[in-house]
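> Structure incoming, see below.
The values are calculated or read from the model by the stated rules, or taken from the named source; none is laboratory data. These numbers were taken from a predicted model, which means no experiment stands behind them. Don't worry about glycine lacking a Cβ; one is built from the backbone with ideal geometry, like all the others, and counts go over all protein chains shown. Just so you know, the surface numbers come from the protein's heavy atoms only, side chains and all, with ligands and any DNA or RNA stripped out. Shrake-Rupley method; radii C 1.70, N 1.55, O 1.52, S 1.80 Å.
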Amino acid sequence: MKWTYDWLTDYLTTTATPHEIADTLTRIGLEVEDVDIPVAPVAARIVECRAHENSDHLHVLMVDDGSGTLRQVVCGAPNARVGLVSALARPGCKIGGMEIKSGKLRGVMSDGMMCSARELGIGDDHDGIIELPDSTALGTSVVDAPVVFDAGITPNRPDYLSVAGIARDLAAAGVGTFKPMTAPHQFQVKSNRHVDIQTPNCPTYRFCEIHGIKNTHSPRVIASRLAAIGINPKNVAVDVTNYICYDMGQPMHCFDADRVSGDIVVRCATPGEEFTDLFGTTHQLTDTDMVIADADGILAVAGVIGGSRAMTRDDTVNIILESAYFDPVAVRKTAKRLGLSTDASYRYERGIDPTITGAALARAASMIMDTAGGEIVGSGFAGQMVTPNIKIEYSPALLRKKTGIDMDAQTQKRILMGLDFVVQDGGATWTVYPTAARVDIQIPENIVAELVRLYGYDQIAGATAHGATSDGATHQELNLGVKRHLAARGLSECVSFGFGNMAAEQMLSDRPSIAVANPITSDLNTARNNLLGNMLNAVADNEKRGYADLNLFELGTVFDGDAPGDQHTQLVIVRTGMTAPRHWLGRSRAVDVFDAKADILSLMRGQNVTVLTDNPPRWAHPFRWGAVMQGKKKIAEFGQLHPNVARAWKIKTPVMVAIVDDVSVLPTSRRRGDAQLSDFQPITRDFAFVTDADFPASTLVSTAASADNRIVDAVIFDAFDMGDGKKSIAFTITILPRENMSDAALQELQTAVISRVESRCPAHIRDK
C-alpha cells in the first residue's frame, strides 16, 4: 500500500514529520517499509545548444538551474533550443520510477535529464520537453514531489488499504486529529435501467449513470497522487475510480454507458462462457465465477477486472459508475483461479467496509462532474443495506488476564473510542461495537490486541505472566523448559506456519481437518491438526538439498475445532540420517526408533511409564512404533515413519518420529537454576595451541574456557603429534554475548584466551 503525505493530511490534522508518522505506524502494527522524500525537477534555462558529435538527433545542452553553475545535459527533444525554460531532473530525481544519475550518452557526460509533460506526470505530451513561461524563476520546483510512504499490509488489517483508515489509526495513536470526509449529497434520480442480482455473493449493488462528460485529464492533485504511488493517470473517469479505491478503500468500476445493453445483471457465469478483460486476455469461466452482465453478455468479472467491450475510453461521453459489495471468498476463489490480482480483488478478498458503497459512489460522481461536467440521468440500487452489527461482550479485566498489563478502564475506553468503536459501559462488562471498517474485530481477544497495540508493545516489559500450572509454573515457562531440554539433547527448533494441508493430514491421522474458508495458499487450506505434516515438509526440503542428517523439534499450537479454545500445544521430534557427523575418533551410526524413544523418556524425568505397541497410527511403521503410557493415559508415541508416507513426501532417509500430543501432561520441565537466554546470537572462534605431548588436552581447553564468563562451551576438533615431544590441539570456543560486541571487544576476548592459556599451561599459540 502506497500513499503520499499530502494525501494523508486530507484526513489527518498533524504536525508530525513523515519519519515520525512512519515510526508511529510501525510501532502500532503497520510496518512502513520505505519513506521516499524525493528531489523535485526544477526550472532551468537552456543557454547553449549544440549538436552531439556522435548522434544525428541528440543535442548537448548547457543549462542554468539557478545554482550559479551551468550543468551539461544530453537531450534528444526536437524543441530544445537556446533560451527555452524547461524542467530539469537533476541526479537524485525519480522520473517514471527510475532514479536519474549522471552518466555518459554516446560518449558525452550528461548531468541530468530534461523532461516532457508525460515524464513529469502532468500530461500526455511526449513529443518534446515541456516549455515553461520565460518568467519562471530558475531553480524552483516545476511539479510537486510528494513524500511517498510504502507499507506492507497484513491480511488481518483491510482497513489499512485506504488512506482514511491509516489516518484514523494514526489519530487513535495520538498523532493528530482525524478529519472525516463530508460525503456529497446522495442523488435520488432513478434510472430506467434496473439491476437484477441472481447470486447471494453480491449483497449490495449500486450504480450511477452520468451523461455528457468530457473525459479529459484529471485535476493535478488526483493525477500527481496516482502517479506518485505508481498508477499511470489516464482520464478523469478512470482516475477517479482508482483514486476512491485508495482513498476510501471502496473498489469501483466505470463502464461506457453507450456500450451497455439494457439492464445490469449480477449472476454466475455459465460453464465455458468466455470473457475478454480490458487487457485483451480471454478467460474461460466456470459457474463459480460471479460476473456483471447485460443483454449482450459479460461486462466484468465481479470484484476482479472489467471487460474490454464496455471499457471507458478517452472519447467516452456517457458512463455508468459501479459501487458494490461482493463476498470476499467468492472474489478470492475467482481471482486465484484466473491468476489475477488487481487493486479491487486485493481489497474485496480481505473484506471492505460494507457501509460505504453509497458514499463512495456519490463522491466519485461529484469529483467527475466537477472536472468533466455532465449530469446524472439515473441511479439504481439492488440488494440490501449491509450493516454489520458486531456486538462484543468485553470485560476490562480480560486485558490483564490475557497479557498481564494493568490498564485502567478509562484508558481502555479512551483507546477504543479513538478507534471509532462504540462502548456501552456496563461496569464489569462492556458492550463494544467496532466500526464497520474493522471487519477483523470479532471476539474479545481482538479488542485486547487493539488495546495492547495502541498502548505500546514497548510498555509490556514489566507485565506479569499469567496462566500458571498446578505447581506454579506458567505455560510459557513449561514450554521454554521443554525447548531448553531438547536443545541440550542436540535438537534444533523448527517453526512452521499455523496452517496445514488437508490431503497430508488425512494421510497422517484420522483426526478431523479444520478447513480454512479463505486460505492464504491452496496448499495451506486447514488450521493444522498436527505438527508432523509441516515437519516432514522441512525434512523433504533439507534432504533434497543434501542435508539428510537432521535433529529437529517443533512446539506449537494445533487445532481440534473452529471454536475459541479448541486448541492445544503439541510437540513433535524428528531425527533422520546419522547420529553424528563423521569424526576421526570413530564411526557414527544411523538413528533408530530407540533414539526417538529416548527423547520421550528424557522428558518424563524418571517417572514410571509403560510402552504399548498396539494400534499404530497412520504415520507409523506397523512394527516399529510404541506408545508411552502412564496407566491408561497415553503420554506420547514414537516410531519410524511409514514407508508409504515417506514415499509420498519423497523422503529416502529413514525418519524417526516422537510426538507428545499435549505437552501439558509432561512433568514440569523448567529448571529453577537456568540462566537467562541471551538476546544476542552466539559467536564461535577457533584456536590452535602447541603443547607438550603428555600435557592433558582437557586441561588446556578448560583453561581457555575460564578466560571469560561469556565463554559457554569449548570443543576439541583436531589433535595431532608434531614430533619432538610436542602436539597440536585445536578447539572451538562458543561466546554468548550479553550486549552487542564490537570487533575491538571480540579481539580483546581472544587476546585474553591466548594470554590465559600461555600463562597457565606449557603451551603457545600455533603460528600456522
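> Expressed as a rounded percentage, what relative contact order does the chain have, with Cα pairs under 8 Å and six or more residues apart?
8
> When you count, for each residue, the other Cβ atoms within 10 Å and take the mean per peptide, how do 204-217, 247-260 rank with the highest first?
Per-residue mean Cβ counts within 10 Å order the peptides as 247-260, 204-217.
> Still on this model: For the range 533-622, rounded, prolate or oblate, judged on the Cα gyration tensor with a ≥ b ≥ c (square roots of eigenvalues), a/c < 1.5 rounded, else prolate if a/b > b/c?
oblate
> Could you calculate the FRET efficiency of Tyr547 with Gln72 from 1/(1 + (r/R0)^6), where r is the beta carbon distance between them and R0 is 51 Å, rounded to 0.05?
According to the calculation, E is roughly 0.35.
> Okay, next question. Which shape class, rounded, prolate or oblate, goes with the range 519-567 when its Cα gyration tensor gives a ≥ b ≥ c as root eigenvalues, a/c under 1.5 marks rounded, and past that a/b bigger than b/c marks prolate?
Oblate, because a/c is 1.5 or more while a/b does not exceed b/c.
> OK, next. Label points 7 Å out from Cα along the Cβ direction at Ile765 and Ser366: separation in nm?
Taking the simple label geometry, Ile765 and Ser366 are separated by 7.6 nm.
> Moving on. Around Thr355, with a cut-off of 13 angstrom between Cβ atoms, what is the net charge of the other residues, counting Lys and Arg +1 and Asp and Glu -1?
Neighbour charge sum, excluding Thr355 itself: -1.
> Can you give me the Cα centroid spacing of the range 507-530 and the range 599-622 in angstrom?
After rounding, the separation between the Cα centres reads 26 Å.
> Right, here's the next one. Could you work out the local net charge near Met1, counting Lys and Arg as +1, Asp and Glu as -1, over the other residues with Cβ closer than 15 Å to its Cβ?
Net of charged neighbours comes to -4.
> Moving to a separate point now. Within the chain, what whole-number % of the accessible surface is contributed by carbon and sulfur, with the 1.4 Å probe and all protein chains included in the calculation?
50
> Here's another thing I want to ask about it. Length gain on complete extension for the stretch Lys190 to Thr286, per 0.36 nm per residue less the alpha carbon to alpha carbon distance?
Using 0.36 nm per residue and subtracting the Cα-Cα distance, I get 31.2 nm.
> Here's another thing I want to ask about it. Relative contact order for the range 566-719 using alpha-carbon pairs under 8 Å, separation at least 6, rounded to a whole percent?
Relative contact order of the range 566-719: 23 percent.
> If each DSSP helix of 4+ residues adds -39,500 (n - 2.57) and the sum is divided by the residues in the chain, what number results at 222 nm, nearest 500 deg cm²/dmol?
-7500 deg cm²/dmol
> Given a Förster distance of 51 angstrom, what is the FRET efficiency for Phe695 paired with Met604, based on the Cβ-Cβ distance and rounded to 0.05?
Step by step, r from the Cβ atoms, then E = 0.75.
> So how far, in whole Å, is the C-alpha centre of the range 701-721 from the one of the range 257-277?
76
> Hey, another quick one. Provide the percentage of antiparallel DSSP beta bridges, counting only those with both residues in the chain; round to the nearest 5.
95
> Next question, about the same structure. For Asp614 and Asp258, compute 0.36 nm times the residue count separating them, minus their Cα-Cα distance, and round to one decimal in nm.
Once the chain is fully extended between Asp614 and Asp258, it gains 120.7 nm.
> Longer than 21 Å from Cα to Cα, which of Lys333/Lys650; Lys483/Lys597; Lys597/Lys634; Lys214/Lys234 are they? Say none if no pair is.
Lys333/Lys650
> Measuring with a 1.4 Å probe in the full set of protein chains, what accessible area per residue, in whole Å², belongs to the chain?
On a per-residue basis, the chain sits at 49 Å².
> Residues in the range 388-414 near a label at Arg27, defined as backbone nitrogen under 17 Å from the 7 Å Cα→Cβ point?
none
> Just report the Cα centroid separation between the range 432-446 and the range 158-202, whole Å.
Centre-to-centre (Cα) distance: 17 Å.
> Computed FRET efficiency, Cβ-Cβ of Arg511 and Thr270, R0 35 Å: what is it to the nearest 0.05?
0.35
> Suppose the chain between His126 and His57 were pulled fully straight at 0.36 nm per residue; how much longer would it get relative to their current alpha carbon spacing?
That pair, His126 and His57, stretches by 23.3 nm at full extension.
> Okay, next question. For the range 550-594, what class follows from the C-alpha gyration tensor (a ≥ b ≥ c being the square roots of its eigenvalues): rounded when a/c is under 1.5, otherwise prolate if a/b is larger than b/c, else oblate?
prolate
> What number comes out for the charge environment of His126, summing +1 per Lys or Arg and -1 per Asp or Glu over other residues with Cβ under 10 Å away?
Cβ neighbours under 10 Å give a net charge of -3.
> Now for a different question. Testing the spin-label approximation: label points 7 Å from Cα along Cα→Cβ at Ser141 and Ala688. State their distance in nm.
Placing both labels 7 Å along Cα→Cβ, they lie 6.2 nm apart.
> Turning to a different aspect of this structure: Under a plain spin-label model, where a point goes 7 Å from the Cα along Cα-to-Cβ, how far apart in nm are Asn709 and Lys214?
Between Asn709 and Lys214, the simple spin-label model gives 8.3 nm.
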